[in-house]
Amino acid sequence: MRIAFLCTSSLDYPSPRGRWLPVAQEFVRAGHTATLHMLHPTWDRLSIRESNEGQVDLRYVSQMHVYGYPGSRRALRPAELLAISFRSALALAASAIRSKAEIIQIAKPQPMNGLAGLLAARILGAPMFVDCDDYEAGANRFGAAWQRRMVQLWEDRLPRAANGVSVNTRFMQQYCEEHGVPAGHIYYVPNGLRAAQFDPPNPTDVQALRAKLGLESHPTLIYFGAISTIAHGVQLLLEAFAIALHQLPHARLLLVGDGDDRPALQAHSLNLGIGHAVIWTGNVAPTATRNYLALAQASCDPVADTPAMAARSPLKIVESLAQGIPVLTGNIGDRRELLGESSGLIVTPGDPAALAAGIVALLNDPNQRNIMAKAARQQAENLRWERIVEPWVRMIEARG
């Protein structure tokens, strides 16, 4: 079968790179063909708009709903946003139709790819499937209330029109059921790992990076991902780290990634008096993640007790496990299930003091970290895509 994935972002973003591309590659291994039809944050500047990775065709067809990358992007004016959204929806639909897709797979139930999927499925007479990997209406920053309502409308209603729905958390599974999707149409597939993510980093590169960042004699906690206060608890992490520094004055916090909230959060770290102990790297290439993880004794996924955070299956957790890095996070959503028995430390979500205590406990206890590191690698083996993607493949093959 020819499967068209309709994505509203590019491979520079976590979900296309960490979820839909590896899932598409698993479909190829199962004997199907797959194409990712995507939008790009700077589509007008792209010199190469079509390529192939792991036997999956990649096509950038139009502009995203924002211009530029996190940390330096600009929001579109309402009229501009509507025009680009409509044009990009048509471009996604046209690309799927040209590919003669036999299956339409909508990656996130959002307005642009939702409309594109409905159009393409209708014209091609193809079944349509939806992947709900996030609670976007609760996790994103919107310029106006109507934008949030529009996203909410598509999140609530589009899965009901699908032949099948995949979800990456129990929260989203329950959410879809509560919004009218039959339980038998929902398939749980958490985020997983590709074989390359288990590869050890190059020791020489790690040593050079450690020297460059001045981390030779400092116990280090790493956070990697979006630098955000809405969808990610970076402010919570800074406040917890400020508490932990009283007991671990030589510790360092390594923040890998970027986001629109970075300037405000950098100012917040200075106000907390921890500016000297926080290292902001900005965006790094996905292939460099292993090197940065190797600099740290533990990884942190800071979370509050919110629906948006319960809906996430954090890629930062599974990537840390693959490298044997213990994970510190909050007890919300599927995080305890993702970590398994002893590959990390679970604390009360949204509590800076509890998170700080977890930081101190992990950075102060090398013996416990060694036990967790071994458990982390074992747990990561259970999360290889070739093991966990089977329900998704079965759904497509049975209902397609």
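Looking at this structure, is Ile346 under 21 Å from Phe171 (Cα atoms), β-branched (Val, Ile, Thr), surrounded by fewer than 21 Cβ atoms within 10 Å (Cβ to Cβ) and out of contact with any helix residue (DSSP H, G or I) (no Cβ under 9 Å at 6 or more places or on another chain)? Here the answer is no, as Ile346 does not meet what is asked. Of all residues in the stretch 1-49, those satisfying the criterion of being of a type in the set (D, E, K, R) and touching an Asp or Glu at 6+ places or on another chain (Cβ under 7 Å) are Arg2, Arg19, Glu26.
Looking across the stretch 200-225, the residues that are in contact with a strand residue (DSSP E or B) (Cβ under 6 Å, 6 or more places away or on another chain) and under 26 Å from Tyr13 (Cα atoms) come down to Leu213, Thr220, Leu221, Ile222, Tyr223, Phe224, Gly225. In the set (1) open to solvent by 10 Å² or more (accessible area, probe 1.4 Å); (2) free of Cβ contacts under 8 Å to residues at least 60 places away in the same chain; (3) assigned to a helix (DSSP H, G or I), the condition left unmet by Ala376 is number (1). Elements of the type strands (runs of 3 or more DSSP E) sitting completely within the stretch 1-76 and holding at least 1 residues that are open to solvent by less than 10 Å² (accessible area, probe 1.4 Å) and in contact (Cβ under 8 Å) with a residue 12 or more places away in the chain: these cover 2-7, 33-40, 56-63.
Among the residues of the stretch 104-132, the one identified as closer than 18 Å to Gly18 by Cβ, open to solvent by less than 10 Å² (accessible area, probe 1.4 Å) and outside any strand (DSSP E or B) is Asn113.
For the subset of the stretch 182-229 comprising residues that are over 20 Å from the mean Cα position of the chain (by Cα) and among the β-branched types (Val, Ile, Thr), which member is nearest to Glu397 (Cα to Cα)? Looking at the filtered set, the residue picked out is Ile186. A search for C-beta distances below 7 Å between a residue of the stretch 92-111 that is at pLDDT 95 or above and among the hydrophobic types (A, V, I, L, M, F, W, C) and any residue that is open to solvent by 40 Å² or more (accessible area, probe 1.4 Å) and in a loop (DSSP other than H, G, I, E, B), counting only pairs 6+ apart in sequence or on different chains, returns Ile103/Met1; Ile103/Gly400.
Of all the numbered requirements in (1) touching an Asp or Glu at 6+ places or on another chain (Cβ under 8 Å); (2) surrounded by fewer than 19 Cβ atoms within 10 Å (Cβ to Cβ), Asp156 misses one, and that requirement is (1). Of the residues making up the stretch 320-337, just one is under 16 Å from the mean Cα position of the chain (by Cα), surrounded by fewer than 24 Cβ atoms within 10 Å (Cβ to Cβ) and in a helix (DSSP H, G or I), namely Arg335.
Yes or no, residue by residue, for (1) closer than 13 Å to Leu362 by Cα; (2) open to solvent by 20 Å² or more (accessible area, probe 1.4 Å):
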{"site": "Ala226", "(1), (2)": "no, yes"}
{"site": "Ile230", "(1), (2)": "no, yes"}
{"site": "Leu237", "(1), (2)": "no, no"}
{"site": "Phe241", "(1), (2)": "yes, no"}
{"site": "His250", "(1), (2)": "no, yes"}
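The set of residues from the stretch 340-373 being within 22 Å of Met309 (Cα to Cα), free of Cβ contacts under 8 Å to residues at least 24 places away in the same chain and charged (D, E, K, R) comprises just one member, Asp351. Is it the case, given these coordinates, that Thr169 is farther than 30 Å from Glu53 by Cα, in contact with a helix residue (DSSP H, G or I) (Cβ under 8 Å, 6 or more places away or on another chain) and among the hydroxyl-bearing types (Ser, Thr, Tyr)? When the stated conditions are applied, Thr169 does not pass them.
Ala308 meets the conditions (1) over 17 Å from the mean Cα position of the chain (by Cα); (2) modelled with pLDDT under 95; (3) in a helix (DSSP H, G or I) in every case but one. The failed one is (1). Scanning the stretch 77-88 for residues that are at pLDDT 90 or above, over 17 Å from Arg49 (Cα atoms) and open to solvent by less than 40 Å² (accessible area, probe 1.4 Å) yields Ile84, Ser85. If I filter the stretch 158-180 for residues that are of a type in the set (D, E, K, R), modelled with pLDDT under 95 and closer than 29 Å to Val66 by Cβ, do I get at least one hit? No, the stretch 158-180 has no match at all. Is at least one residue of the stretch 47-61 under 19 Å from Asp134 (Cβ atoms), aromatic (Phe, Trp, Tyr) and within 20 Å of the chain's Cα centre (by Cα)? No, the stretch 47-61 contains no residue that is under 19 Å from Asp134 (Cβ atoms), aromatic (Phe, Trp, Tyr) and within 20 Å of the chain's Cα centre (by Cα).
Among the residues of the stretch 260-297, those identified as assigned to a loop (DSSP other than H, G, I, E, B) and on the phi < 0 side of the Ramachandran plot are Asp260, Asp261, Leu272, Ile274, Asn283, Val284, Ala285, Ala294, Leu295, Ala296, Gln297.
The numbered conditions (1) touching a strand residue (DSSP E or B) at 6+ places or on another chain (Cβ under 9 Å); (2) not in a helix (DSSP H, G or I) are all true for Tyr175 except (2).
The values are calculated or read from the model by the stated rules, or taken from the named source; none is laboratory data. Just so it is clear, the model here is predicted, and its values are computed rather than measured. Neighbour counts run over all protein chains shown; Cβ positions are idealised from the backbone, glycine included. In case anyone asks, the SASA skips ligands and DNA or RNA and just uses the protein heavy atoms, side chains included. Shrake-Rupley method; radii C 1.70, N 1.55, O 1.52, S 1.80 Å.
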